1. Only residues that are closer than 30 Å to residue 161 by Cα and either acidic (Asp, Glu) or free of Cβ contacts under 8 Å to residues at least 24 places away in the same chain (or both): list them for the stretch 21-33, please.
2. Where the second residue is modelled with pLDDT of 95 or more and charged (D, E, K, R) and the first is over 19 Å from residue 60 (Cα atoms) and lies in the stretch 4-20, which pairs have Cβ atoms under 7 Å and are six or more apart or on separate chains?
3. Just name the residue that is nearest to residue 153 (Cα to Cα) out of those in the stretch 64-90 that are of a type outside the set (Ser, Thr, Tyr), surrounded by 11 or more Cβ atoms within 10 Å (Cβ to Cβ) and at pLDDT 95 or above.
4. Out of (1) closer than 16 Å to residue 5 by Cβ; (2) modelled with pLDDT of 95 or more, what's the single condition that is false for residue 41?
5. Go through the stretch 27-58 and report how many residues are surrounded by 15 or more Cβ atoms within 10 Å (Cβ to Cβ) and in contact with an Asp or Glu (Cβ under 8 Å, 6 or more places away or on another chain).
Amino acid sequence: MHIFIMRHGEAANTDTEDSVRPLTKVGIDETTKMGAWLANQKLSQIKVFVSPYLRAQQSCANVIEAIPEMAINSGVIPETLNLITPSGNARQVHDFIDGFFNDTDFFDKDKTLDEEQGVLFVSHMPFVSYFIAELTKSTKMPLFATGAIAIINYDINKMHGELVGMVSPENAKLISEGAL
């Protein structure tokens, strides 16, 4: 199964508290593009976890709006997860996701996953980089462009994954069209 880890779109630099910074017009465009890219992944079912920060909530809403068919078919209702803020603990979230896979009814009756099921996390730097390193047991922590999504092929039995790619808003359309 795939775990998609997304950094929120570009946020405004304001004098307000960090947790209430909104997306800019560029951020809205970035997240809409990434929603279209995600819709092209032909997922039959997706579970979405999102940071409580405003820019992540807005990014998540834009992604889900861009994938209405998937959202309708699988009942996508994002779940706000306070653990995935910029200062979140990647190990704690890794434990959370493994518990989720063990205890959920997200799977078929026999607790199997297929390539058409996925989990999306919408969060922030630096958490997203630490989270990838934690899930893949790697010392490499990729940097994320705003709106970018990392794709992890995750083995729930081994509780370990492999980073198989990253897609940014700049190359999402080209990848979807098979140009890259």
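The values are calculated or read from the model by the stated rules, or taken from the named source; none is laboratory data. Since we're looking at a predicted model, the values are computed, not measured. All Cβ positions, even for glycine, are placed from backbone atoms using ideal geometry, and neighbour counts span all protein chains on display.
1. 29, 30
2. Partner pairs satisfying both residue conditions: 14/21.
3. Top of the filtered list is 90.
4. Of the numbered conditions (1) closer than 16 Å to residue 5 by Cβ; (2) modelled with pLDDT of 95 or more, the odd one out for residue 41 is (2).
5. Residues meeting the conditions: 12.
Results for (1) under 17 Å from residue 101 (Cα atoms); (2) without any contact (Cβ under 8 Å) to a residue 60 or more places away in the chain; (3) not hydrophobic (A, V, I, L, M, F, W, C), shown as yes or no for each residue.
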site: 126; (1), (2), (3): no, yes, yes
site: 131; (1), (2), (3): yes, no, no
site: 135; (1), (2), (3): yes, no, no
site: 148; (1), (2), (3): no, no, no
site: 152; (1), (2), (3): yes, no, no
site: 155; (1), (2), (3): yes, yes, yes
site: 161; (1), (2), (3): yes, no, yes
site: 166; (1), (2), (3): no, yes, no
